[in-house]
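Encoded as structure tokens, the structure appears first; notes follow it.
Since every read-out is calculated from the coordinates, none of them should be taken as a lab result. All values derive from a computational prediction rather than experimental measurement. Here the Cβ is made from the backbone with ideal geometry for all residues, glycine too, and neighbour counts use every protein chain on show.
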Amino acid sequence: MRNLNSKIKKMKYIFNPRTVAIIGATEREKSVGLGIVNNLLAGKEQRKIFFVNPFKEEILGIKTYPKITMIKERVDLVIIAIPASGVLEVVHECIYKKVGGIIIITGNFGEAGEQGKTIEKQIKDALKNTDIPLIGPNCLGVINANNNLSASFAPIMPKKGDIAFLSQSGAMVDALLDRCAEENFGFSKIVSYGNELDMEIDELLEYLKTDKETKIIATYFEAIKDGPGFIESAKKISKYKPIIAIKAGKGDAGQKAALTHTGALSSDYEIYKAVFKQTGIIQVDSLDELMDTIKALSFQPRCKNGIGIITNGGGLGVLAADFCEEFKIELPQLSEKTLRQLNQEDALKGCYSKRNPLDLLGDALAERYEAGLESVLSQPDIKGVLVMQGMQIMTEPMENAKIILRISRHFPNKPIVCCFAGGRLVSGAVNYLEKNKIPNYSDPKRAVKALSNLINLGK
Amino acid sequence: MEILNFEETKNLLLKYKIPFCKTEIFNSKAKASEFAKKIGFPVVIKVHAPNIFHKSEVGGVKVGIKNLEEFYVAWDEMKKRTRLEKIEGILVQETVFGSELTIGMKRDSQFGPVLMFGLGGIFIEVLKDVAFRVAPFDKKQALEMILEIKGHKLLQGYRGREIVNLNKLAEIIVNLSKLSMAEKKIMSIDLNPVMANKKSILVADFRLIV
């Protein structure tokens, strides 16, 4: 086995290449090759780009090289997007050329059958005595938003940010990037890792552990290649950076014939659930929940259990409290000190519920939110707050948003999540909140779920 | 796949400190009845065979044997019912009372040994109220696992039920995780039921599959 540390060190050639070559560059409309060419050209100010194509002298007016070995300069990153049958040969050329790292976009390998598996094995053998890291095959590619690198055929470049996304599926990357295009959070590094012939998810996690640009790691996978290796890495890394996972495949085919109760009950899905619990991974079920969770984690700190709810509508508060129970969020009672503090507030005039959820009543103006929020956040066993707002005719959403932001700065370790329920009437305030990194969810259930994923039960 | 023989099963349970109720295996009725007298009635008898996975389906379990007379009858009947099976012998066990629990292990091709914990009977069969952990894990994880099942309050004295020593239970689960890590030929395990009461937690039925 090759040295993991040295391989991880070489990942810099994949994420931060100074020179990139694409083998299979083409100008054929609607092709993968052209998609990658265009994505690479978008970063041509940051790095030098070489096109390799033995059949064309020029692509988009740029000179091509018939072979990677004909390029005189050092090549940090090679992207291979030619039919599977030709890949082994160019991998050999890449090794001869001593390139920094390789991404194989091409499909039709192990996922397609025995013939593909054989070529995969030959590629792996060829790379065995090198320390060239390989991503893929059968993948969308790699993106580093912070240096404008899209070594992929993804349709857009995401906003810069602190979220890394590792995905077994390329389509999930496309879907997530497009959906997040208008959001106020962004991405650091994105890897569609495909068949994991060389770099497996646990090694990518190891790389991201020390990546300064990454604060949160989101993942999508159907299966893990190296179970114990994954558990070991995930356990270690989730202590530093939250890891979120969507695991596809809940089927339990093959369990029926089990000889023991344990065998019959332990479906693949149950085992993964146990793995997530043991490793501190946050499990989500849908793309919506993934987005809600990465937004909360990107914007706000994590906290221990114990949440205060502040609302101007009893219904919203009760609904949220129900979900808190479902998601095992504790709602501490308001302490005598907090109640005393609330009583002294002129703004409240004694008009409020004396418990958690704190109901400021329907006609609450911004000053009531201010008094309520400050008192609740001051209570030591309340570790984070959900601020809810229904729109009455006198409600002041923008004023409320400003107050929330101002008070949040006095409690930097206590996350605030908002549920300004509504649409058109609150959109301005919601924009203001989210531009300032206070997450808002229009639906109480989504708000509470996001909050539950902020709570770090392990610590 | 077959069920591990009694001798090796017993040695593994002893080695990894997984307590089980007084049990011995016999082929001689006279010796078996001596043992029954020694451990005291009522006793249980069960067939033990490499290929009988569901003992009760072949009439291979008889509980509540109250005296020597009943013992002889039960022994003869069981011998007759299982005469066509290749059996290792008949187990004679003391009767223990308490809450029924289940602890099990499956060796997963991806993650290795996965342990399961649940209550017994309908709680596991109908309600599927169970928790899983991938081995190896520590006592803290085992306690979490116990408290994760919906029925955990039934182990803590709910409505006059016996209080189970959760600390001891967690230790047994951890010991089974150790066994599973070290004894690689064991493919799966069902300890079902495990009888838990105020004083003890004892495995009453075991099936180690190799």
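For chain B, what does the equivalent ellipsoid look like in terms of its semi-axes, each the square root of 5 times an eigenvalue of the Cα gyration tensor, given largest first in whole Å? Walk me through the intermediate numbers first.
On the way: eigenvalues 172, 84, 42 Å².
Equivalent ellipsoid semi-axes, largest first: 29, 20, 15 Å.
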A correct fewest-to-most ranking of A:Ser238, A:Ser152, A:Ser442 by other Cβ atoms within 10 Å would be A:Ser442, A:Ser238, A:Ser152
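What do you get for trypsin sites (Lys or Arg not before Pro) in the stretch B:1-47 restricted to DSSP loop and a cutoff of at most 13 other Cβ within 10 Å of the site's Cβ? Let's see the in-between values first.
On the way: sites: B:Lys10, B:Lys15, B:Lys17, B:Lys22, B:Lys29, B:Lys31, B:Lys37, B:Lys38, B:Lys46; in loops: B:Lys17, B:Lys22.
Sparse-neighbourhood loop trypsin sites (Lys or Arg not before Pro): B:Lys17.
May I ask for the Rg/Rh ratio of chain A, computed from Cα atoms with Rh as the Kirkwood radius, given to two decimals?
Values: Rg = 25.7 Å, Rh = 24.2 Å.
Rounded to two decimals, Rg/Rh equals 1.06.
Which value in deg cm²/dmol, rounded to the nearest 500, describes the helix-derived mean residue ellipticity at 222 nm for the protein assembly as shown, given -39,500 (n - 2.57) per DSSP H run of n ≥ 4 and division by the residue count? Let's see the in-between values first.
Details: 23 runs with 239 residues, N = 669.
Calculated at 222 nm, the ellipticity per residue is -10500 deg cm²/dmol.
When the dipole is taken about the Cα centre of chain A, and only Lys, Arg (+1) and Asp, Glu (-1) are charged at their Cβ, what size is it in debye, to the nearest 20? All intermediate terms of the calculation are to be shown ahead of the outcome.
Values: 61 positive and 54 negative charges, 286 e Å.
That gives a dipole near 1380 debye.
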Output the pairs from A:Lys328/B:Lys168; A:Lys189/A:Lys247; A:Lys67/A:Lys98; B:Lys128/B:Lys150; A:Lys295/A:Lys435 with a Cα-Cα distance over 18 Å in this structure; if there are none, say none.
A:Lys328/B:Lys168; A:Lys189/A:Lys247
Taking the Cα centre of each part, how many Å lie between the stretch A:54-114 and the stretch A:181-204?
21 Å
What's the longest bit of chain A with no exposed chymotrypsin sites (Phe, Trp or Tyr not before Pro), using DSSP loop states and at most 15 other Cβ atoms within 10 Å as the test?
A:56-239
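How large is the convex hull of the Cα atoms of the stretch A:122-266 per residue, expressed in Å³ as a whole number?
On the way: hull volume 22.0 nm³, N = 145.
It is 152 Å³ per residue.
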Label points 7 Å out from Cα along the Cβ direction at A:Gln115 and B:Glu77: separation in nm?
6.6 nm
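Which GluC sites (Glu not before Pro) in the stretch A:72-133 sit in a loop by DSSP (not H, G, I, E or B) and have at most 13 other Cβ atoms within 10 Å of their own Cβ?
Working: sites: A:Glu73, A:Glu89, A:Glu93, A:Glu111, A:Glu114, A:Glu120; in loops: A:Glu73, A:Glu111.
Of the GluC sites (Glu not before Pro), the ones in loops of the stretch A:72-133 whose Cβ has at most 13 other Cβ atoms within 10 Å are A:Glu73, A:Glu111.
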Calculate the radius of gyration of the Cα atoms of the stretch A:322-459 to one decimal place, then report Dmax, the largest Cα-Cα distance, as a whole number, both in Å.
14.2, 43
For the stretch B:46-143, state which chymotrypsin sites (Phe, Trp or Tyr not before Pro) are in a DSSP loop and have at most 15 other beta carbons lying within 10 Å of their beta carbon.
B:Phe97
Step through the table entries B:Lys106/B:Lys178; B:Lys15/B:Lys37; B:Lys62/B:Lys199, compare each Cα-Cα distance with 22 Å, and write down the pairs that go over it.
B:Lys15/B:Lys37; B:Lys62/B:Lys199
Relative contact order of the stretch A:25-153, please, whole-number percent, based on alpha carbon pairs below 8 angstrom and at least 6 residues apart.
25 percent
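For A:Ile79, A:Ile36, which order do you get if you count the other beta carbons within 10 Å of each Cβ and list the fewest first?
Numbers: A:Ile79 30, A:Ile36 26.
Placing the least packed residue first, the sequence is A:Ile36, A:Ile79.
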Tell me, in nm to one decimal, what length is gained between A:Asn343 and A:Lys435 on full extension, where the rule is 0.36 nm per residue of separation less the Cα-Cα distance?
29.8 nm
